[in-house]
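Some notes on the structure that comes next.
The values are calculated or read from the model by the stated rules, or taken from the named source; none is laboratory data. Because the structure is predicted, anything quoted here is derived from the model rather than measured. Here the Cβ is made from the backbone with ideal geometry for all residues, glycine too, and neighbour counts use every protein chain on show.
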């Protein structure tokens, strides 16, 4: 059995070490219940916990072990992607179309997933976090159209990746590459990728023990951090070949 979160305080979560481990249960399932208020979400992310549930389920909170992460300086584009980054006709913007990005992520087809965990309730919660300066979108635009991107949460100097989508080949990878540039420029130390996938591993992400991940968060997410919007054009020409 997993604990049910009390209505208050919203910062109350069980220790992540109590999360289920296979075969006792799904890897990382920690608690259920609560709500998606900004205070509870930020408190969860600071502890290495995130919500993940489908329509018709209670809110479920997770902290898997190991944890898939990408250190921004370890991002490793393959040669074909590096060429696209240098030469393709695209524009990368930050925080100009958050609602459109999260809506596109919600409808993007996923292998083996008939539905989406980015429910209407989740979208509303993360749009609120965006308004408070915690949630951010990284967007790839081609010919004036939103071609791909990703969104996530920034707390202190840790970025928690939530989801990505693409409508044009490599558009989401372009966004991720520019995110890594922005994070390196601003002293961020880690990108939380949550679950291990071959796609993320091919770009330099790797699993680390949860206790190591939590230690990184303790160092990178001070309680005094001040959230805010990201400059729209901060990484516009990060990879462009010199004329």
Inset, instruction - Of all residues in the stretch 167-214, count the ones that are outside any strand (DSSP E or B) and more than 18 Å from residue 136 (Cβ to Cβ). - result: 21
Legend entry - Whichever residue in the stretch 22-41 is in contact with a helix residue (DSSP H, G or I) (Cβ under 9 Å, 6 or more places away or on another chain) and not in a loop (DSSP other than H, G, I, E, B) and, among such residues, is farthest from residue 2 (Cα to Cα): 38
Inset, instruction - Starting from the stretch 190-215, keep only residues that are within 17 Å of residue 174 (Cα to Cα), then list their pairs with residues that are part of a helix (DSSP H, G or I) and modelled with pLDDT under 95 whose Cβ atoms are within a distance under 6 Å, requiring at least 6 positions of separation or different chains. - result: 193/200
Legend entry - Failed item in (1) in contact (Cβ under 8 Å) with a residue 40 or more places away in the chain; (2) under 20 Å from the mean Cα position of the chain (by Cα); (3) surrounded by 19 or more Cβ atoms within 10 Å (Cβ to Cβ), with residue 5 passing the rest: (2)
Legend entry - Selection from the stretch 215-237 of residues that are over 16 Å from residue 161 (Cα atoms) and in a helix (DSSP H, G or I): 215, 218, 219
Legend entry - Test: residue 10 is at pLDDT below 95, surrounded by 13 or more Cβ atoms within 10 Å (Cβ to Cβ) and in contact with a helix residue (DSSP H, G or I) (Cβ under 7 Å, 6 or more places away or on another chain): yes
Inset, instruction - Examine the stretch 137-150 for a residue that is closer than 24 Å to residue 78 by Cβ and not in a strand (DSSP E or B), and state whether such a residue exists. - result: no
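Residue-by-condition table, conditions (1) touching a helix residue (DSSP H, G or I) at 6+ places or on another chain (Cβ under 7 Å); (2) closer than 22 Å to residue 64 by Cβ; (3) in contact (Cβ under 8 Å) with a residue 60 or more places away in the chain; (4) surrounded by fewer than 19 Cβ atoms within 10 Å (Cβ to Cβ):
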| residue | (1), (2), (3), (4) |
| --- | --- |
| 104 | no, no, yes, no |
| 107 | no, no, no, yes |
| 118 | yes, yes, no, no |
| 129 | yes, yes, yes, no |
| 169 | no, no, no, yes |
| 174 | yes, no, yes, no |
| 178 | no, no, yes, no |
Legend entry - Residue within the stretch 18-25 that is touching a residue at least 24 places away in the same chain (Cβ under 8 Å), under 24 Å from residue 68 (Cα atoms) and surrounded by fewer than 17 Cβ atoms within 10 Å (Cβ to Cβ) present: yes
Inset, instruction - Take the stretch 131-167 and flag every residue that is within 16 Å of the chain's Cα centre (by Cα), more than 30 Å from residue 39 (Cβ to Cβ) and surrounded by fewer than 24 Cβ atoms within 10 Å (Cβ to Cβ). - result: 166
Inset, instruction - Those residues that are assigned to a loop (DSSP other than H, G, I, E, B) and farther than 15 Å from residue 69 by Cα, I need them from the stretch 156-166; list them, please. - result: 156
